[in-house]
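Values quoted throughout were computed directly from the atomic coordinates according to the rules given, and no laboratory measurement underlies them. Fair warning: this is a prediction, and the values are worked out from it, not measured in the lab. All Cβ positions, glycine included, derive from the backbone under ideal geometry; neighbour counts span all protein chains shown.
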Amino acid sequence: MSSLKKIAATLLCIILIVIVLATIFVPAPYAQQFRELPNAGPLTAHPLGTDALGRDSLSRLLYGTRVSLLLAPAAALLSTLIAALLGSAAGFVGGWFERIVLVATDLSLALPWLFLLLTVRALLPLDVPPVVSVTVAFLMMGLLGWQASVRVICAAARGVRDSDYLLLARSSGCKPARLLLRHVAPNLRSLFYAQFWISIPLFILTEANLSILGLGVMEPMPSWGNLMRGFEDFSTVAANPWKLAPLVLLVIVVMCFQLVLPSEEVTQ
Amino acid sequence: MPLPAMSKVTKYEKAVRLLRYVSRRLLALVCLGIGGALLSASLVRFAPGYGVQERELDPRWSAQSVEALRKNQPLQEGLPSFYFQYISALARGDLGQSDSLKRPVRELLRQRLPVTGNSVIRGLGLAWLIAGLLASLRLGPRQSFYEVSGTAFSSLLLSLPSAVVAMLAVQLRTPVFCAISVVVFPRLHRYIRSLLMRSYDQPHVLAARARGLRTGAIFLRHVLPVAAPPLLALLGVSFAIAFGAAIPIEALCDSPGLGQLAWHAALNRDLPLIVNLTLAVSLVMLAANSLADIAGRAFAGNTQ
């Protein structure tokens, strides 16, 4: 492991520990409004100041980080599970099933990802409670973000299909489901991990884009995306550079994920 | 002299094979179009709130009037008739009416496609130019400074959400196509560099270098032909990336293109608009991908 990878992994661990223990560090609940202190600068009670509604920015940043950083891996897990199931089954079974899965994958890969997300989002009601909006946003990403992984997993499963140990297992009378679960899937484990890690930064960025556009996590629930909605008024941000904290944290985290990603040989 | 005849036959066979492939792709495109249209129709028909008018919620309307309004709704017609009408309207080029803008979707598409197309093509051109130049410059001397600085810059741009790039573009008064190229560039750079490096490490390139061929000649004659088919495939994929990036960029830069229209439709739950818009964009993307794929095949066939 290179030193850069080690630094990135350590940073990610520190950030994860901080957000898990966020309730200890936060000066106030994320939705509490200090009406006498709107748009305040850094104070002892509010180290990152407050927003236009008087809510503590540090608390919102910590809770927002928790939402984005815990739910993006959850969405990545869901999409990797779908990709693992479809990809390994397609590669293992082969024939028309593989062809159908690959055509469907190619088709969805050719579509602009955000257009697809907006269409699905538009099908659902917009005035939903914040918790529902969080669930919908990440569920949508998890359910629609499996395509890129399927191709890679399918290709690897195709390679495993004709291996000697699988032939031996087949001749011993193993049923297809057992072959898939006990012999094919464990051999593709490193690939599943790789695809899981690759999806996390992608989902973090997608959530940010959706929330900035007002279609992701709804207020008052904080997330990196809706914390960055205030950047539209850039003159305020330029005068109060600490308001850039969500963007800085997002860039650091996404860069760290990119650095700790497995090598290209595993992912391509 | 059997050799020229053999090569003629091979060329003919190659052409036939390519033609077959093109017709297969065309057929697939038509099937996907019909499938997409059926899916769009289903999305519109079964979405919550379909066929409900705001007028029905107005307390001034009597129960009989509301009932009469409901009877006039398309919900009353049968499902096969709905699908038939939807598909036949699509075949005539009628993409329906936008609920929120009260204008035909076709007219909106005709108005806005050139704006997005212009931004996407210019943005892609700029991104390909910079990514291609940087990737080819870094091929020869693989010094650690270039490696680290290039990777760090590319990672930084990859870590920025496209909506933040759009906000920066608004602040810096940069044209929309520049913002699109900033979003697309790091993704292209990564792949182009990887493809070129893989081609550059081939044994025949090493032999050419050992024979003293100049770097430019090696690049044009030996590296680029090997990397061309996947690069052409990447060109098709880059259209999808650029169109995706156009949504937040056009929405936040207030550029009247398809991206802004999609955002508006999603915010207003304008299903006929967003569904038909996605269908149209998807067909354009699939056509672009097929073209890139066919070009890649033809190129690979010629170079073999």
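Results, tabulated for the structure shown:
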| read-out | value |
| --- | --- |
| Any hit, the range A:214-232, residues being of a type in the set (A, V, I, L, M, F, W, C), more than 9 Å from chain B (Cβ to nearest Cβ) and over 20 Å from the mean Cα position of the chain (by Cα) | no |
| Residue check for residue A:184: assigned to a loop (DSSP other than H, G, I, E, B), among the β-branched types (Val, Ile, Thr) and either surrounded by 20 or more Cβ atoms within 10 Å (Cβ to Cβ) or more than 11 Å from chain B (Cβ to nearest Cβ) (or both) | no |
| Search result, residues across the range A:197-213 that are of a type in the set (Phe, Trp, Tyr) and either within 17 Å of residue A:59 (Cα to Cα) or away from chain B (no Cβ under 12 Å) (or both) | A:197 |
| In the range A:110-133, the residues that are more than 7 Å from chain B (Cβ to nearest Cβ), crowded, with 18+ Cβ neighbours inside 10 Å and either more than 18 Å from the chain's Cα centre (by Cα) or not hydrophobic (A, V, I, L, M, F, W, C) (or both) | A:133 |
| Total residues in the range A:136-157, condition assigned to a helix (DSSP H, G or I), of a type in the set (Gly, Ala, Ser) and within 14 Å of another protein chain (Cβ to nearest Cβ) | 2 |
| Segments classed as helices (runs of 4 or more DSSP H), wholly inside the range A:189-268, with at least 1 members that are buried (at least 16 other Cβ atoms within 10 Å of the Cβ) and touching an Asp or Glu at 6+ places or on another chain (Cβ under 8 Å) | A:224-227 |
| The range B:251-304 - residue that is in a loop (DSSP other than H, G, I, E, B) and more than 10 Å from chain A (Cβ to nearest Cβ) and, of those, farthest from residue B:97 (Cα to Cα) | B:304 |
| Candidates B:134, B:126, B:160, B:139 - the one that is in a loop (DSSP other than H, G, I, E, B), more than 14 Å from chain A (Cβ to nearest Cβ) and either closer than 28 Å to residue A:225 by Cβ or in contact (Cβ under 8 Å) with a residue 12 or more places away in the chain (or both) | B:139 |
| Residue list for the range A:134-149, filter: buried (at least 21 other Cβ atoms within 10 Å of the Cβ) and small (Gly, Ala, Ser) | A:137, A:142, A:145, A:149 |
| Residue in the range A:158-181 that is within 14 Å of chain B (Cβ to nearest Cβ), in a helix (DSSP H, G or I) and of a type in the set (Gly, Ala, Ser) present | no |
| Failed item, numbered, when residue A:158 is tested on (1) touching a residue at least 40 places away in the same chain (Cβ under 8 Å); (2) surrounded by fewer than 18 Cβ atoms within 10 Å (Cβ to Cβ); (3) closer than 30 Å to residue A:31 by Cβ | (3) |
